[in-house]
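Mind looking over this structure? Questions follow.
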Amino acid sequence: MKNVIIIGSGIGGLIAGNLLAKKGHKVTIFESHSMPGGYTAGFYRKGYYFESGTLSFEASVSVFKAMKDIGVLEKIDFVKQRIRFVSEDFDGTPENYEDYKEMIYSAFPSDKEKLDMAFSDLDKIFELMGNVDEPMPFLYSGFKMLKSMLPYILSAPKLMKLSKLYGNMTSSEFAARYFEKDSKLFKQFSQFGYPDMPALFGTGLSAMLTDLWTVKGGMQSWADILAENFRKLGGDLKLNSYVDKIITKNGAAVGVSCKNIVYEADYVISAGDYKKTLLKLVDDKSLVPQTLQDKIGRAAVSEGCFTVYLGLNMSNEELGKCMKVYHVVTLDHKSGYDIYNSEDGEFFSKTSITLYSPSMLNPKHAPQGKSSLMLQTMVPYHWLNNWGGGDKEVYGQLKEKAMDAMIDSASRLVPSLKECIEYKDAATPLTYERFTHNTDGASSSWSWNPKKKFYKNTMSVNIDTPVKNLYIASCWAMQIGGVPGALAGAYQCAKKIK
């Protein structure tokens, strides 16, 4: 039995904790906040429930296997999402990729020739990225791992061919091959998912149309179930316990410091921000080569989000008449929109938004006869001197301005929205950084831009650090991050610690 300390109770920390505790190790999870979950968490305000971060996840087959391995699959009500896409040219809720194509062809009949060329290439990417319905190999060991790799091995020749064509190509570069820059179709094909994400991921469409899931009880219920199971396995979850230092000795991690108390361990797992783990928490920076420190410091992270939380004096039925489904993505960036322009004071009047109603999914997430609604968009890094340069008054003004612009945008879909608001608040990237400790409030660890990679291989799982017995079990273990990255890191850590 090993003594293992995990820093952070996000999805990666909770999965790693459960797997290791199930193997008989003594495991302690330190969580800086009053509840577990990290980005997979939620909260109530005045009877309204909102998601703290993650609205959905992909790689469902792998997630479901992990929950089954831990023994909690039957306790979690996973729900597959359907997304309504809205623009000035189309409005639809496609069931699948073919439905989506039909919607786009109908909206742009005069561009059929260009669309034929674009979809011809996108079809190949989509077929490959959406064709593997087996759990990721790292969830297995021994022969089962080899067997699970078969679909990936069989698709390897196609993947290598497509990687040569699109491996380092961004979604914007992909769109520019077929459509004039700033045209409606250029925006359509380049704005799904993260800005300038790899074209090889099907411009973000694959997961959105075929494998996007959420939890009916809310993401917090998922975290709570994992936390409860972890405790039943003998694990110790310490809430309100911020780790301020990773203690090392002779080049190895030997414990952590929390509230001026040192806790010893055979292994330390960071289920949090990679940058802060090695540049801030490790007590002996000489263990991290200067070249690596410089690389970590320069590495780009994924974009942060601005989220508006609204409690509405409007029934779910009334809201549903406007939204039709609980998850709506608008695709209507206005002229002058630029996700890379941190000095644009009117950014929030130009950006598209996502509308998400927790209470339309689950009526228990709002008081009877009322509804909860979230508005969300990605924002430029350090918008307007990082939201006011530390001036609280300016920060409040900018937050209010952004909220008003987002509500104005949502009102085009929900006309009576403003009159029905009973509660409102918002989270900026600074809010997310404070809550999750992710650098710049990164919503999915490292940058998705293939030209800004931290890891050489986009799909590799990287849990090792320069410090012996210090591992990474968060979304930061993979370039693509998210729930799949956290899951990957957690399983690899559990395998590493015998």
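Could you state how much accessible area Asp91 has, in square angstrom rounded to the nearest 10, with a 1.4 Å probe and all protein chains kept in place?
90
Once every Cα of the chain carries one equal point scatterer and solvent is ignored, give the base-10 log of I(q)/I(0) from the Debye formula at q = 0.07 Å⁻¹, two decimals.
-0.37
In cubic angstrom, how much convex hull volume per residue do the alpha carbon atoms of segment 246-327 span?
Cα-based convex hull of segment 246-327, divided per residue, equals 181 Å³.
Let me ask something else. Would you please give the residues with an amide H less than 5 Å from that of Asn449, counting only those at least 5 places away or on a separate chain, with H modeled from the backbone geometry?
For Asn449, whose amide H was placed from the backbone, there are no distant partners under 5 Å.
Let me ask something else. How big is the Kirkwood radius of segment 449-498, worked out from every pair of different alpha carbons and given in Å to one decimal? Intermediate values should be presented prior to the final figure.
Details: mean 1/r = 0.0913 Å⁻¹.
About 11.0 Å for segment 449-498.
Continuing with this model, one more query. Cα axis of helix 60-70 to longest principal axis of the chain: angle in degrees, 0 to 90, nearest 10?
30
Rounded to the nearest 0.05, what FRET efficiency is calculated for Ile421 and Asn250 with R0 set to 56 Å and r the Cβ-Cβ distance?
0.45
Any idea how far the Cα center of segment 400-479 sits from the one of segment 51-99, in Å?
18
Carbon and sulfur together cover what percent of the accessible area of the chain at a 1.4 Å probe radius?
Details: 11020 of 21050 Å².
Taking all protein chains in place, the chain shows 52 percent carbon and sulfur surface.
Measuring with a 1.4 Å probe in the full set of protein chains, what accessible area per residue, in whole Å², belongs to the chain?
42
Same structure again: Give me the orientation-averaged projected area of the Cα convex hull of segment 341-426, in nm², one decimal.
Here the figure is 6.3 nm², rounded to one decimal.
Report, as a whole number in µm² per second, the diffusion coefficient that Stokes-Einstein gives for segment 175-270 at 25 °C and 0.890 mPa s using the Kirkwood radius over alpha carbon pairs.
Details: Rh = 18.3 Å.
The diffusion coefficient I find is 134 µm²/s.
Further question: Evaluate segment 324-368: find the radius of gyration of its Cα atoms, find its Kirkwood radius, and give the ratio Rg to Rh.
Expressed as Rg/Rh, it is 1.19.
Nothing charged except the Cβ atoms of Lys and Arg (+1) and of Asp and Glu (-1): what's the magnitude of the dipole of the chain about its Cα centre? Round to the nearest 20 debye. Mind dumping the intermediate values first?
On the way: 59 positive and 55 negative charges, 401 e Å.
With only Lys, Arg, Asp and Glu charged at Cβ, the dipole is about 1920 debye.
The values are calculated or read from the model by the stated rules, or taken from the named source; none is laboratory data. The structure presented is a predicted model; accordingly, all values stated were derived computationally and were not measured. Virtual Cβ from ideal backbone geometry, glycine too; neighbours counted across all protein chains shown. Quick note on the areas: whole protein, heavy atoms, side chains included, nothing else; ligands and nucleic acids left out. Shrake-Rupley method; radii C 1.70, N 1.55, O 1.52, S 1.80 Å.
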